[in-house]
Amino acid sequence: MNEGKQLDIHETQALREIQEEPQYVDEQLLPMQRIEGGGPIKRVPLHTMPAPLRIFGYLFLGFMALMGVMALVVTFFR
């Protein structure tokens, strides 16, 4: 019981040993998984977008902020 973790199944049952297996990695699928994942999510700089998308983005963000404020107002003055 030195290499694995112990798991207490139930207070009336004895401890049993759990063997940890190494993470399975398929070397042939690894490049496709990296492409599909695309890495961590990055912020979109709105100032680099074309004008119609930039205006839509600012309107959407403003609308979301307004909805948050309205939710607080309705909650407090119910």
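No lab work stands behind these numbers, since they all come straight from the coordinates. Since the model is a prediction, treat every value here as computed from it, not as a measurement. FYI the Cβ positions are ideal-geometry reconstructions off the backbone, even for glycines, and counts take in every protein chain you see.
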| field | Separation of the LEU30 and THR48 label points, Cα + 7 Å toward Cβ, nm | value | 2.9
| message | Full-extension gain between PHE56 and ALA71, please, as 0.36 nm times their residue separation minus the C-alpha to C-alpha distance. | response | 3.2 nm
